[in-house]
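As structure tokens, the structure follows; a few thoughts come after it.
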């Protein structure tokens, strides 16, 4: 059994940005993410705060900002809460959906209710071995 560690705030922000966009679209800038969160809060969220979090200088966001980020980016609010205990599981699921999207898998069904973290890592690794969608492969060969 592997020990799974909680990702840092910086890693979580990167993962959320990777998760949010559609396949073949660029991920959002930190300024765009701050703007989205600000709309959810009805007040500005400084991009500098997110830049400091992304660099590791800030290790915890104010609760309202963290909740607004999660709401804006379609992520469970527990993901950015320190010590929630759910962040490892949520991170794995985000990684899984990112891989599914990037490989162009149109249908994915999961009915298991008791998948362990190790089993989920195996599933992610298996999906990573699958070829990218045809349009992604064409982009890669063009340069």
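Worth a mention:
- Exactly one residue out of 32, 68 is modelled with pLDDT of 95 or more, within 30 Å of residue 103 (Cβ to Cβ) and part of a helix (DSSP H, G or I): that is 32.
- Verdict on residue 6 being touching a helix residue (DSSP H, G or I) at 6+ places or on another chain (Cβ under 9 Å), closer than 17 Å to residue 79 by Cβ and either surrounded by 15 or more Cβ atoms within 10 Å (Cβ to Cβ) or in contact (Cβ under 8 Å) with a residue 40 or more places away in the chain (or both): yes
- Qualifying residues in the range 52-64 (those that are part of a helix (DSSP H, G or I) and crowded, with 16+ Cβ neighbours inside 10 Å) - the one farthest from the chain's Cα centre (by Cα): 52
- Remark: pairs (first residue in the range 28-46, in contact (Cβ under 8 Å) with a residue 24 or more places away in the chain; second residue loosely packed, with under 15 Cβ neighbours inside 10 Å; Cβ separation under 8 Å; 6+ apart in sequence or on different chains) = 38/44; 41/64.
The values are calculated or read from the model by the stated rules, or taken from the named source; none is laboratory data. None of these values were measured; they are calculated from a predicted model. Note: ideal-geometry Cβ built from the backbone for every residue, glycine included; neighbour counts use all protein chains shown.
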